[in-house]
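First the structure, in the form of C-alpha cells, and then the observations on it.
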Amino acid sequence: MLFSQVAAPPSVKKHLLKMAATHQVAHALLFAGVDGAAQLPLALAFAQYILCKNRNEDDSCNQCPSCLKINKLAHPDVHFVFPITPGKNTRVSDDALAAFRESVLHFPYLNAIDWGDALEAKQQQLAIAAEESLGIIKKLSYTSYEGHEKIMLIWLPEKMNTTAANKILKILEEPPNDTFFFLISNAGDTLLPTIISRTQFIKVALPSPETLSEVISSMCDVTSEAAMEAAHLAQNNPREAWLLTQTETAEPSQNLELFKQFMRACFKFDASKVIESIDVFDKLGRIKQQQFLLYSLHLIRNSLLFKHAPTAFSGTTEEKDFLQKFHLHVGLQNYERFSALFSEACYHIERNGNSKIIMMDLSFKINELLIKNKQA
Ligand SMILES: [Zn+2]
C-alpha cells in the first residue's frame, strides 16, 4: 500500500516520512484511530516504506521485490498478529493468515465485525491468545530474511487478554535490533497503560472530504463526484465511504427495490409487508445491510437534489423514475430527520445490534415522519 493510497490526513503521513528520513522511528508505534479510520492501511504503507529498496522522499517505489511482497502481505520480514476465534485448528494468527490476507487486501478498512464475519464468528469471540506471545518472541529471534528490518504488526491489540499483553511487554520494551512493533488499534484508550507507555502514539484522524474522495475514486473505480458524495455521506469515515461506493457499483437495483418496498410498507404501515422487507434485510448479512442503509441515505439526498437542484442530480433512470413521486415525501422540512434515522440505524448495525429490532424501530419512526409530512 502506498501512502498516496491511504485515506489519512497528509499531516500524519508527513510525520511518519520525517521519522523515517531522520532515522528516528521508535521501536514501538501505536497507530490509533476510530473504527473505520486508516490506521491499518497507514501502518502497512509505513512498513512498505521502511522496507522499500528504492523509496523516494514521499512514497515507496511500489516496484522493488520488497514492495511487491508487501503488496501481497507476504513479506518474510513482516509478521502479523491479529485476533482469531481460538479453536481446534486455529490457535494462533498464522492459522488464519490466508483469510486475513484475503480480507485485508479486499477491504483494508475492515473492522473487528467485518473480520468476525469473514471468519464466520461472533465478534465477542475474537481474541489474541496468550499463546500468541510465544510465537511473537520466536519469530523476532530469527534473523531477518532480507537482512534488514523486521516489522511485527499487531492488529487490534485491544483484543489481547491481560496474560498475552503482559507476556509481550518485555519484548515491547527491549525488542531485538532493527525490529519494529506497529500496534494498530481501533480503541487505543482501552489498552493497558503499561502497553501505551511503551509505544509512541500516532493519532490517525479522519481525512478531509477532499483527501478521502481522492483515495476512494482511485481505489474503488468510481467518479470523483460519486466519491465526494460518499465522503460527505460517510462523514469522512473511510470504511463507510468505501462501503457506500461498493453499493453504487455493486447492487444499486436490489437496494433500490428493497428501499421502495420498505418505504411503501412504512407509509401505509402494512405490518405484513413491513415484516416481509425486514426479513429480506435480515438475510443480507451485516456488510450488505450497512450498504443498504448507506444507499438509502444516498437516495434521500438525491431526492432533495431532484426537487431543488435537478442539475446536480446524478442517478440511474430507475432512481429517477422512483424519485418522480418519492420526492414529495422528502423535502427540506424533514430531510435532516430522515437522514438521521438511517444514519442511526447504520450505526447500530455496525455495532452488532439486532437487525430485526433496528429495522422495526426504523419503520415506526419513518411511518410517523411520512404521516406528518402528508398532513403538513
Ligand atoms: Zn519499493
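Of these, L192, L183, L126, which one is in contact (Cβ under 8 Å) with a residue 40 or more places away in the chain and closer than 28 Å to Q24 by Cβ?
So the residue among L192, L183, L126 that is in contact (Cβ under 8 Å) with a residue 40 or more places away in the chain and closer than 28 Å to Q24 by Cβ is L183.
Among the residues of the stretch 165-216, which ones are farther than 20 Å from M19 by Cα, among the hydrophobic types (A, V, I, L, M, F, W, C) and either surrounded by fewer than 22 Cβ atoms within 10 Å (Cβ to Cβ) or in contact with a Gly (Cβ under 8 Å, 6 or more places away or on another chain) (or both)?
Passing the criteria: A165, L169, I171, A187, L191, L192, L206.
Go through (1) over 27 Å from Y142 (Cα atoms); (2) more than 20 Å from the chain's Cα centre (by Cα); (3) charged (D, E, K, R) and name the single condition D114 misses.
(2)
I'd like the full set of residues that are buried (at least 17 other Cβ atoms within 10 Å of the Cβ) and assigned to a helix (DSSP H, G or I), limited to the stretch 327-347.
The answer is F338, S339, L341, F342, S343, A345, C346.
So the check is Cβ under 6 Å with 6+ separation or different chains; which pairs have a first residue in the stretch 1-16 that's among the charged types (D, E, K, R) and a second one that's at pLDDT 95 or above?
K13/F3
Regarding the stretch 301-312, can at least one residue be identified that is surrounded by 15 or more Cβ atoms within 10 Å (Cβ to Cβ), part of a loop (DSSP other than H, G, I, E, B) and not charged (D, E, K, R)?
Within the stretch 301-312 (the criterion being surrounded by 15 or more Cβ atoms within 10 Å (Cβ to Cβ), part of a loop (DSSP other than H, G, I, E, B) and not charged (D, E, K, R)), the answer is no, since none of the residues qualifies.
Give, as residue ranges, the helices (runs of 4 or more DSSP H) completely inside the stretch 1-113 that count at least 3 residues that are under 26 Å from K203 (Cβ atoms), more than 16 Å from the ligand (Cβ to nearest atom) and touching a helix residue (DSSP H, G or I) at 6+ places or on another chain (Cβ under 8 Å).
Working: elements: 10-21, 39-51, 65-71, 97-106.
Hits in the stretch 1-113: 10-21, 39-51, 97-106.
Please work out if L256 is at pLDDT 90 or above and not in a loop (DSSP other than H, G, I, E, B).
Details: at pLDDT 90 or above: yes; not in a loop (DSSP other than H, G, I, E, B): yes.
It is true that L256 is at pLDDT 90 or above and not in a loop (DSSP other than H, G, I, E, B).
List, please: which pairs have Cβ atoms under 7 Å, are six or more places apart or on different chains, and start with a residue in the stretch 46-69 that is within 20 Å of P9 (Cα to Cα) and of a type in the set (V, I, T) and end with one that is more than 6 Å from the ligand (Cβ to nearest atom) and assigned to a helix (DSSP H, G or I)?
I50/A20
Scan the stretch 217-236 and give yes if some residue there is of a type in the set (D, E, K, R), in contact (Cβ under 8 Å) with a residue 60 or more places away in the chain, more than 18 Å from G33 (Cα to Cα) and surrounded by 22 or more Cβ atoms within 10 Å (Cβ to Cβ), otherwise no. Full working, then the answer.
So the first thing to find is which residues in the stretch 217-236 are of a type in the set (D, E, K, R), and the list is 221, 225, 229.
With in contact (Cβ under 8 Å) with a residue 60 or more places away in the chain added as a condition, the list becomes 225, 229.
In the following step, the residues that additionally are more than 18 Å from G33 (Cα to Cα) were identified as 225, 229.
Now narrow it down to the ones that are surrounded by 22 or more Cβ atoms within 10 Å (Cβ to Cβ): 229.
For the stretch 217-236, residues of a type in the set (D, E, K, R), in contact (Cβ under 8 Å) with a residue 60 or more places away in the chain, more than 18 Å from G33 (Cα to Cα) and surrounded by 22 or more Cβ atoms within 10 Å (Cβ to Cβ): present.
Could you tell me which of the residues I168, I195 is farther than 20 Å from F100 by Cα, part of a helix (DSSP H, G or I), β-branched (V, I, T) and modelled with pLDDT under 85?
On the way: I195 fails: modelled with pLDDT under 85.
So the residue among I168, I195 that is farther than 20 Å from F100 by Cα, part of a helix (DSSP H, G or I), β-branched (V, I, T) and modelled with pLDDT under 85 is I168.
Take T245 and tell me if it is outside the structural domain of N367 (by TED's automatic domain parsing) and in a helix (DSSP H, G or I).
Considered against the rule, which asks whether it is outside the structural domain of N367 (by TED's automatic domain parsing) and in a helix (DSSP H, G or I), T245 comes out as yes.
Looking at K170, K159, which one is without any contact (Cβ under 8 Å) to a residue 12 or more places away in the chain and in the same structural domain as Q24 (by TED's automatic domain parsing)? Before you say what the answer is, go through the steps one by one.
Working: K159 fails: without any contact (Cβ under 8 Å) to a residue 12 or more places away in the chain.
Matching residue, one of K170, K159: K170.
Report yes if some residue within the stretch 281-300 is more than 25 Å from the chain's Cα centre (by Cα) and at positive phi; otherwise report no.
Initial filter on the stretch 281-300 (more than 25 Å from the chain's Cα centre (by Cα)): none.
Looking for residues that are more than 25 Å from the chain's Cα centre (by Cα) and at positive phi, one finds none in the stretch 281-300, hence no.
The values are calculated or read from the model by the stated rules, or taken from the named source; none is laboratory data. What you see is a predicted model; the values in this text were computed from it and never measured. Cβ atoms come from the backbone with ideal geometry, glycine included; neighbour counts cover every protein chain shown.
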